[in-house]
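What follows is a single structure, written as structure tokens, with notes after it.
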Amino acid sequence: MAVTRKPRVVPENEIEALIAKGGSVATPAPPPPAPGVKMVPVRIDTTLLARIDRAVQAQPIKIPRNTWVLQAILEKLARDGF
Amino acid sequence: MIIVVGGIKGGSGKTTVATHLAILCAQAGWDVLLIDADDQETATDFTILRNARRAGGAGYTSIKLTGPAVRTETQRLAAKYAHIIIDTGGRDTTSQRAALTVAEVLLVPFLPRSFDVWTLEKAGSLVDEMRLANPALRAYAFLNRTDPRGQDNLEAAEVLQDTPALHFLDTPLGARKAFSNAAAQGLAVTELKPPDGKASAEILTLFRYLFDRNTTAKR
């Protein structure tokens, strides 16, 4: 054969795109965070803070504001399925 | 030669075939690298067992790779080994695609069962797609764990000849206990004592088909 088609060099980005079409490979779940307590500063509107404080005061048993906020967070996490 | 043992159906015996090819290459005197690109990592577990059971070690080198690294690392290591065998999982993953961009041969085992041969079309589509990046890729289908009797083997063989993307190899491996007995000891069936003549003959036929025709021996 005297005449052949010009050889085609496949660009690397086309090869990468072909590879990426494959399904992902299973990877191990990230390790759970180490147990402990971390301080997280939270920006909060003063009006909202006043409402929270009124709710804390309205509790039949006196609890710290921090505990009330944690309870609220846990309720939302449970409600949202986390 | 770079051989991928792949496909898109799990449980078809890919790891058994890949590990046997690696062992037979090593016994033939070639430097061989077995790449475990299957997230189940069974080939790696087999190699750990084989290294522990044999005084001389596995006889081949084994590494684990996933994703696009299968392409880049295989390209980097190709010059150091006479042959590279890549065991991929039974899914269309980035690992398998990356392997197919650099492979010379894709070997796809099929069980003689409907659910298995029904995946032939998808396997053929994958081969066609990967040939855009690797036009020289040769793809072979063959029957694994064939029945000792009955029509299913013949019927499955007929189906496997339906797609032009994969060439059907008439080199079946039977459903023989010798393969699982050997695997449990970190051995190939050719190394069992007492030997299983039929299982050994079958795997050697497949091995010779692949390597006698396709290799320029680099021992």
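A short reminder: the numbers here are calculations on the coordinates, not readings from a lab. Model, not experiment: these values are computed from the prediction. Here Cβ is always computed from backbone atoms with ideal geometry, including for glycine, and neighbour counts include all displayed protein chains.
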Listing A:W68, B:W30 by rising number of other beta-carbon atoms within 10 angstrom, fewest first, gives A:W68, B:W30
Length gained, B:N153-B:A55, 0.36 nm per residue minus C-alpha separation, equals 31.3 nm
Most exposed first, judged by fewest Cβ atoms within 10 angstrom, B:M1, A:M39 run A:M39, B:M1
Taking r as the C-beta separation of B:R113 and B:Q27 and R0 as 30 Å, the FRET efficiency to the nearest 0.05 is 0.40
Averaged over the residues of B:84-97, the number of partner chain Cβ atoms within 10 Å of each residue's own Cβ comes to 3
Among B:A52, B:A178, B:A22, the residue with the largest mean-square fluctuation in a Gaussian network model of chain B built from Cα contacts under 10 Å is B:A52
Quick calc of log₁₀ I(q)/I(0), the stretch A:35-82, Debye, one scatterer on every Cα, no solvent, q values 0.15, 0.23, 0.29 1/Å, result -0.50, -1.03, -1.15
Quick shape check on the stretch B:1-104: root eigenvalues a ≥ b ≥ c of the Cα gyration tensor, a/c under 1.5 is rounded, otherwise prolate if a/b tops b/c, else oblate, and it reads oblate
Answer check: chain A, Cα atoms, Kirkwood Rh, Rg/Rh ratio of 1.47
Expressed as a whole-number percentage, the relative contact order of chain B with C-alpha contacts under 8 angstrom and at least six residues apart is 24 percent
Here, trypsin sites (Lys or Arg not before Pro) of the stretch A:27-78 satisfying both criteria (DSSP loop; at most 11 other Cβ within 10 Å) are A:K38, A:R43, A:K62
Computed over the stretch B:108-219, the distribution of all Cα-Cα distances in 10 Å bins, rounded to whole %, is 13, 37, 35, 15, 1
Calc'd 3J(HN,Hα), the stretch A:41-57, phi into Karplus 6.51 cos²θ - 1.76 cosθ + 1.60 (θ = phi - 60°), Hz, glycine/Pro = x, comes to x, 10, 7, 9, 5, 5, 5, 5, 5, 5, 5, 4, 5, 5, 5, 5, 5
Quarter of the surface of the C-alpha convex hull for the protein assembly as shown, i.e. direction-averaged projected area in nm², equals 26.3 nm²
Which residues qualify? For B:T93, with a placed amide H closer than 5 Å and at least 5 residues away or on another chain, they are A:G23
Using alpha-carbon coordinates alone, the radius of gyration and Dmax of the stretch B:18-77 in Å work out to 11.7, 35
Shape call for the stretch B:34-183, from the Cα gyration tensor axes a ≥ b ≥ c (a/c under 1.5 means rounded, otherwise prolate when a/b beats b/c, else oblate), comes out oblate
Residue-normalised 222 nm signal for chain B, counting each DSSP H run of n ≥ 4 as -39,500 (n - 2.57), nearest 500 deg cm²/dmol, is -12500 deg cm²/dmol
Filtered pair list for chain B (Lys only, Cα < 22 Å, 8 or more apart or interchain) has a length of 11
